[in-house]
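Participant: One structure, pasted below without further comment.
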Amino acid sequence: MRWLFGDGNIFGNASSAIAVLVFVSLWQFTPFHALLYQGAVRAFRRLCMSRFHRCAGRIRQFFCITIPQVRNTLITSLLFQVVGGLTAFDAILVLTKGGPGTDTQNTAYYMYSTAFKAYNYGYSSVIAVVLIVIATILSLVMVKVSGYDKMRSELEGI
């Protein structure tokens, strides 16, 4: 564990500081995504009557029945994770303040430090607009590539 924590100061080197931020992020958002997936799995109809379900093995059932049924939730969860990763700010501010050096600094924290430490509000506003544009473009590309915009639920309105 010395390679991760170095001399005992977990925020003293980049690898351990990033590991702590990843752990905090996982601790914070895993329950939310678990609830999303649990709701998706409970929502799709039971396919016990189909012949395919009876003769398919567990792995084939998972990839041919379960994954297609929860595809919308998978894509939504992935979008939340990508946009949340781009805008992660609170844990970085509280735990590392972008350090050591600038190793754990992301765009959202850089925007904050530019505005409220360097008092350069114009440049910080430009960073915010660019961050919004990047997040929007990434979201639209993910929706287009995944085919999410063409998906329809059989249970809409119920």
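Participant: Check whether at least one residue in the range 92-109 is farther than 30 Å from Phe11 by Cβ, in contact (Cβ under 8 Å) with a residue 12 or more places away in the chain and out of contact with any His (no Cβ under 8 Å at 6 or more places or on another chain), and report yes or no. Show your work before the answer.
Facilitator: Here is the first cut: in the range 92-109, the ones farther than 30 Å from Phe11 by Cβ are none.
Checked the range 92-109: no residue is farther than 30 Å from Phe11 by Cβ, in contact (Cβ under 8 Å) with a residue 12 or more places away in the chain and out of contact with any His (no Cβ under 8 Å at 6 or more places or on another chain).
Rundown of residues vs (1) surrounded by 11 or more Cβ atoms within 10 Å (Cβ to Cβ); (2) at pLDDT 90 or above; (3) touching a helix residue (DSSP H, G or I) at 6+ places or on another chain (Cβ under 8 Å), yes/no style:
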site: Val24; (1), (2), (3): yes, yes, yes
site: Pro31; (1), (2), (3): no, yes, no
site: Gly39; (1), (2), (3): yes, no, yes
site: Arg46; (1), (2), (3): no, no, no
site: Arg54; (1), (2), (3): no, no, no
site: Ile59; (1), (2), (3): no, no, no
site: Phe62; (1), (2), (3): yes, no, no
site: Thr66; (1), (2), (3): yes, no, yes
site: Gln81; (1), (2), (3): yes, yes, yes
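Participant: Then there's this: If you scan the range 89-134, which residues turn out to be within 19 Å of the chain's Cα centre (by Cα), closer than 24 Å to Phe23 by Cβ and in a helix (DSSP H, G or I)?
Facilitator: Of everything in the range 89-134, those that are within 19 Å of the chain's Cα centre (by Cα), closer than 24 Å to Phe23 by Cβ and in a helix (DSSP H, G or I) turn out to be Asp90, Ala91, Ile92, Leu93, Thr107, Ala108, Tyr109.
Participant: Gly147: at positive phi and either over 21 Å from the mean Cα position of the chain (by Cα) or open to solvent by 30 Å² or more (accessible area, probe 1.4 Å) (or both), yes or no? Steps first, please.
Facilitator: Values: at positive phi: yes; either over 21 Å from the mean Cα position of the chain (by Cα) or open to solvent by 30 Å² or more (accessible area, probe 1.4 Å) (or both): no.
So Gly147 fails the test.
Participant: Another question, if that's okay. Only one residue in Ala135, Ala115 is open to solvent by less than 30 Å² (accessible area, probe 1.4 Å), at pLDDT 90 or above and closer than 27 Å to Asn13 by Cα. Which one? Break it down stepwise before answering.
Facilitator: On the way: Ala135 fails: closer than 27 Å to Asn13 by Cα.
Among Ala135, Ala115, only Ala115 is open to solvent by less than 30 Å² (accessible area, probe 1.4 Å), at pLDDT 90 or above and closer than 27 Å to Asn13 by Cα.
The values are calculated or read from the model by the stated rules, or taken from the named source; none is laboratory data. Everything quoted here is computed from the prediction, not taken from an experiment. Heads up, the Cβs are rebuilt from the backbone with ideal geometry, glycines too, and the neighbour counts pull from every protein chain shown. Only protein heavy atoms, including side chains, enter the accessible area calculation; ligands, DNA and RNA are left aside. Shrake-Rupley method; radii C 1.70, N 1.55, O 1.52, S 1.80 Å.
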